[in-house]
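Here's the structure we're looking at; comments come further down.
All of the numbers you see were taken from the coordinates with simple rules; none came from a lab. Keep in mind that this is a model prediction, so the values were computed, not measured. Reconstructed Cβ throughout: ideal geometry from the backbone, glycine too, with neighbour counts over all protein chains shown.
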Amino acid sequence: MDFFLQQLFNGLAVGGIYALVALGYTMVYGVMKLMNFAHGELFTMGAYLGLTFLGVFAFTELLGPFLGVLVLILLVMGLVALVGVLLERAAYRPLRSSPRLSAIVSALGASIFLQNAIMLVYGARFQVYPHGILPNMPISILGVDIPLLRILLFLVSILMMAGLFFFVQKTRMGTAIRAAAIDQDAARLMGINVDRVIQIVFLIGPALGAAAGVMVGIYYGQINFTMGWVFGLKAFTAAIIGGIGNIPGAMLGGLLLGVLEAMGAAYISTAWKDAIAFAVLILILLVRPRGILGERVADKL
Amino acid sequence: MNQKHVILSILLAFFACFPVLFDNPYWIGVLNDIWLYAILGLSLNWIVGHTGLFNLGHAAYYAVGAYTAAILATRYNVPILWAMPLSGLAAGLFALIVARPIIHLRGDYLAIVTIGVGEIVRIALENDVFGLTGGSNGIFGIPRPEFFDIRIRRPWQFYYLIGGFLLLTIWFFYRLEQSRFGRALNYIKEDDTAAEGSGIPTAYYKLAAFVIGAVWAGMAGTLFAAKMSTISPGSFNFWESVLVFAIVILGGAGSIPGVILGAFLLVGLPEIFRNFADARMLFFGAAMVLMMIFRNKGLLPPLVRKYAGVVRKRGGLA
Amino acid sequence: MSLLSLEKVVKTFGGLTAVNRVSFSVEAGSVVGLIGPNGAGKTTVFNLITGNYTPDSGDIRFNGVSIRGKKPHKIVEMGIARTFQSIRLFQNMPVVENVLAGCHCRMKSGIFASMLRTPGQKREEKQALETARKMLEFVGLWEQAGLLASNLSYGKQRLLEIARALASGPELLILDEPAGGMNDQETAELLTLIREIGKMGITVLLIEHDMGLVMRACEKLVVIEYGTKIAEGGPEEVKNNPRVIEAYLGVEEEECEEIRNGDGESPC
């Protein structure tokens, strides 16, 4: 039972990260019906920038561990958000009225470009986050010892998701985003500035991804320029599981995938861990493409 | 018309004599790679170019073919060239099984699923599935091909083997393109509801495109295995699939000359710019984005088909 | 036995019943019109016949054989060809290639025959091109055979769709608003064309809003309103049917004119 709970919390912690990245995919897909392949690279960028700023600014020395990390994350989020907007401008906006295939190819190209840009700047080898930035003693929950870091990770993810949920449900801009996701043309006709909506989405999505990147760096300690690839695809799977375009769905999907993966790795095999995510992806797309919370898309003849 | 034939003949003659004119194993090796990717590109062209299906996991079929040939050659002593049709068959069967349930998926969903398939195949290979694939070390010691008692092991020999197969491929694929089969795929790409409503079994043809693409990728895999004599899962990852995909899309989806040009550029140019090794991928990514913005049909888009007795006209409303 | 018969066909989408126990038949050699106010479910009925939708209940029989649940391409093979309400041509292909799509199901050459260019395959291709030429000459588009479909005017595009449908050698031709976007001259030519098609022995079932065309072309009319059949019979009969008049009440002045001109009398 102990083992099970350990794995459960492990899964939830990782799942929280998947959820944050998944949100980026789902928000962009919801509004633009575009799979932003480059999103994984923004996640990676967050991780690397986090590392850089940790070295450059002594946040944790000045402000203490918790505040220091918070400021770090916010700073990185802000920067990557800007990159996100630039990305949209350069690679996607010119293709708004082009066939879907063009946008997919452009997204792939942007992904390749960003990944290699990161590699050129930071080098191809693993980089290591400083150890022990945040305290990591085991805390006892339900009779099981869970490392504090895992709990913090999970809490931060949940807090961000709650913040996003509030934003999307209760604010005007959030409603505009939801409207544009349902029907872009109708939203435009209702006076919603769809271009602005798209920009906001490309601010929030990458920001969340970047935060996830920093957290991964702190949690796993090691980062590499290819990490966006695997994380990105898994996060995308999570978004699909929850229902692509559906924000609570991405949150649910992320947590679910994290737990499924942790359980699979623990009880079945670690070698096939990555394959589990892909298998789930294919299964979902075949059996229930709209995901758990997604809406049916009808075809008009 | 005649001008085109003259150019083609000159190019053909040039490349046919290349190893004789330039005894440079390095560049011959580069051309061998170009030929191989051209064959791969032409195989994917059926799926992506002609039928408009987003397949981003084509390396999976390449891998199935390569590994089938390698296993047959190393464990069962099948001469590698005899393994070629068998690898094609294996890849084709695999495609049939895999594509059947997913063929009806909408564009971007299909793309994601094919990526997933490609990854699962790679992971399976890494994990030494069925105990046959040798894990991440792969399979080594693949024997050289023999062609009428000539052992093929030098680059120039592979040049004619692979180049010859490429010519054969172009020959057959051109005819297939101009036939009812080629037309059917194009109808489906343009408007699959209209195609189905005109009497074309769209599900069958989409599957057929996948299978024929896979069969040829499998056979290309045999040539790859023979040339490298060692294969490992790392050669069949997502980026391989992206490379072949880019060759088709950037070269000219649905066009044989386009795909071949694509192979030349995407495989040849990086060799020419070896010095900028690391920045190459950067340019590659940027090129993909720019091409989509400025010339999204590719460098050499397909030409409209000609029909006997029909004069091709251009221009305004009639 | 009728060529085509619908028996109590029902089709619902979510909560909406688009087609409600519709039954009617089409006799071989006739020209039948399916009419009714907008949104009545006429195109849905067509899509049910062509196999794009499957009936929730009821049956559709063609030459006595049930075609319910069959795929659209199979139904074309069996002898029913269609045109679309919104034109669905292969815009980036030449006119002749569009028509060849219709020939596809009457050919057999597969991958091997095509790669090897067997004599059988070559013969078949020649024959198909010949059929395409005949169809294009029939609708008057052979001159434009080498033009891209997108370069044709709207009216000519509709004719091209008809040529494509005819190329599959159907027994029953289903036309979905063939006169949409046509001017008077083109509509008159279309009427002649429909009569010529009838003379070829092909049965025609059409949806049309142009009442003048409908009254002159059709021997029988089936009227649908809100998914239910409200009348079936000859044009005269249907025109004077009080339920039909009621359904069309609130009809535009021009449509009234057309019904009046179509046959002298008018319910307006």
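Structure values in brief
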{"quantity": "Estimated FRET transfer efficiency (A:Asp145, C:Tyr226; beta-carbon r; R0 60 Å; 0.05)", "calculated": "0.35"}
{"quantity": "Calculated FRET value between A:Arg196 and A:Leu159, using beta carbons and R₀ = 35 Å, to 0.05", "calculated": "0.85"}
{"quantity": "Simple label model, 7 Å out from Cα along Cβ direction - A:Ser98 to B:Val304, nm", "calculated": "2.4"}
{"quantity": "C:Leu221 long-range amide H proximity, modeled H, under 5 Å", "calculated": "C:Gly33, C:Gly233, C:Gly234"}
{"quantity": "Dipole moment magnitude, nearest 20 debye, region B:147-283 about Cα centre, only Lys, Arg, Asp, Glu C-beta charged", "calculated": "480"}
{"quantity": "With Cα atoms, 0 to 90° folded angle of helix A:148-170 axis to chain A main axis", "calculated": "20"}
{"quantity": "Karplus (6.51, -1.76, 1.60) ³J(HN,Hα), θ = phi - 60°, over region B:230-241, in Hz, Gly and Pro reported as x", "calculated": "9, 10, 9, x, x, 7, 10, 8, 4, 5, 4, 4"}
{"quantity": "Amide H contacts under 5 Å for B:Phe147, placed H, 5+ residues apart", "calculated": "B:Ile152"}
{"quantity": "Positive dipole terminus of chain C, leading residue within C:Ile49, C:Leu190, C:Met78 (C-beta point charges)", "calculated": "C:Met78"}
{"quantity": "Dipole of the protein assembly as shown, positive direction: furthest Cα of B:Tyr26, A:Ile133, B:Ile293, with charges on the beta-carbon", "calculated": "B:Tyr26"}
{"quantity": "Mean separation of Cα contacts under 8 Å (6+ apart) over length of chain B, as relative contact order %", "calculated": "31"}
{"quantity": "Whole-angstrom gap from region B:47-113 to region C:16-50, using each part's C-alpha centre", "calculated": "45"}
{"quantity": "Long-range amide H partners of B:Leu300 with built H, under 5 Å", "calculated": "B:Gly252"}
{"quantity": "Per-pair calculated FRET efficiency, R0 = 35 Å: B:Arg280 and A:Glu61 via Cβ, rounded to 0.05", "calculated": "0.30"}
{"quantity": "Signed unit charges on C-beta, dipole axis of the protein assembly as shown, positive-most listed residue A:Ala13, B:Ile142, A:Ser157", "calculated": "B:Ile142"}
{"quantity": "Computed magnitude of the charge dipole of the protein assembly as shown (debye, nearest 20; Cβ of K, R +1, Cβ of D, E -1)", "calculated": "1960"}
{"quantity": "Distance between modelled label sites at C:Arg243 and B:Phe14, nm, 7 Å Cα→Cβ extension", "calculated": "7.7"}
{"quantity": "Global form of the protein assembly as shown, assessed from the alpha-carbon gyration tensor, a/c cut-off 1.5", "calculated": "oblate"}
{"quantity": "Percentage of interatomic Cα-Cα distances in chain C larger than 34 Å", "calculated": "20"}
{"quantity": "Residues of region B:121-156 with amide N under 13 Å of a point placed 7 Å along Cα→Cβ from B:Asp23", "calculated": "B:156"}
{"quantity": "Residue of C:Leu213, C:Leu129, C:Leu205 that the Gaussian network model of chain C assigns the largest fluctuation, springs spanning Cα pairs under 10 Å", "calculated": "C:Leu129"}
{"quantity": "Length-normalised contact order of chain C in % [C-alpha pairs under 8 Å, at least 6 apart]", "calculated": "24"}
{"quantity": "Only Lys, Arg (+1) and Asp, Glu (-1) charged, at Cβ; region A:16-228 dipole about Cα centre in debye", "calculated": "500"}
{"quantity": "Cα-projected label distance for B:Leu93 with A:Arg89, points at 7 Å along beta-carbon direction, nm", "calculated": "5.5"}
